[in-house]
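Remarks on the structure that follows.
The values are calculated or read from the model by the stated rules, or taken from the named source; none is laboratory data. The shown structure was predicted, so the numbers you read here are calculated from the model rather than taken from an experiment. All Cβ positions, glycine included, derive from the backbone under ideal geometry; neighbour counts span all protein chains shown.
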Amino acid sequence: MAILNILRYPDARLHKVAASVTVFDEGLRKLVRDMAETMYAAPGVGLAATQVDVHKRVIVIDVSDRRDSLVTLVNPEIVEHHGESDIEEGCLSVPGIYDLVPRAERVKVRAYDADGKAFTLEAQGLLAVCIQHEMDHLEGKVFVEYLSQLKQTRVRAKLAKQLRKSA
């Protein structure tokens, strides 16, 4: 397994729309393992392939306290959504930034696992928000783009300052 490089906002590659997975093979399973290892090491609760510069419709999520409940979603599609969430979001591609984004409180998702087996998942709370957040990445959208122009400007300035400090 390998720790993958996570792209940082406003990297243009984060805006690339991911392609559907058509081949379920060892390469896909390795990508899922590497993404999971990267997410856990970051540490985070979700990671989309887009964030590691692989533009395939693949997501890994683990919102459990023990970090032992990995969910893999390949070619995910939300088929139902209900309610409104009030959970603040963060993102491995936008470190140190947290804000509220309009999301559904509950979702029903149809997807495939890494072996190509179809399944349906009903989620609520943090898991539901995380699924929606990561699915946005697959569409080339980063959560801060839901924020006002003023907040987006502040985010870019804060990230630029972080980058200067780490250089």
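Annotation: of all residues in the stretch 9-23 being of a type outside the set (A, V, I, L, M) and in contact with a helix residue (DSSP H, G or I) (Cβ under 7 Å, 6 or more places away or on another chain), the one that is surrounded by the most Cβ atoms within 10 Å (Cβ to Cβ) is Tyr9.
Would you point out which residue out of Val71, Val79 is β-branched (Val, Ile, Thr), farther than 21 Å from Thr50 by Cβ, at pLDDT 95 or above and touching a strand residue (DSSP E or B) at 6+ places or on another chain (Cβ under 7 Å)?
Values: Val71 fails: farther than 21 Å from Thr50 by Cβ.
On inspection, the qualifying residue turns out to be Val79.
Output the residue which, of all residues in the stretch 140-163 that are out of contact with any helix residue (DSSP H, G or I) (no Cβ under 9 Å at 6 or more places or on another chain) and either among the polar types (S, T, N, Q) or not in a helix (DSSP H, G or I) (or both), is nearest to Val109 (Cα to Cα). Top of the filtered list is Ser148.
Take the conditions closer than 16 Å to His133 by Cα and modelled with pLDDT of 95 or more and apply them to Thr38. Does it pass? No: the conditions fail for Thr38.
Set side by side, the residues Ala18, Ala36 differ, and just one is touching a strand residue (DSSP E or B) at 6+ places or on another chain (Cβ under 8 Å) and more than 23 Å from Val144 (Cβ to Cβ), which is Ala36.
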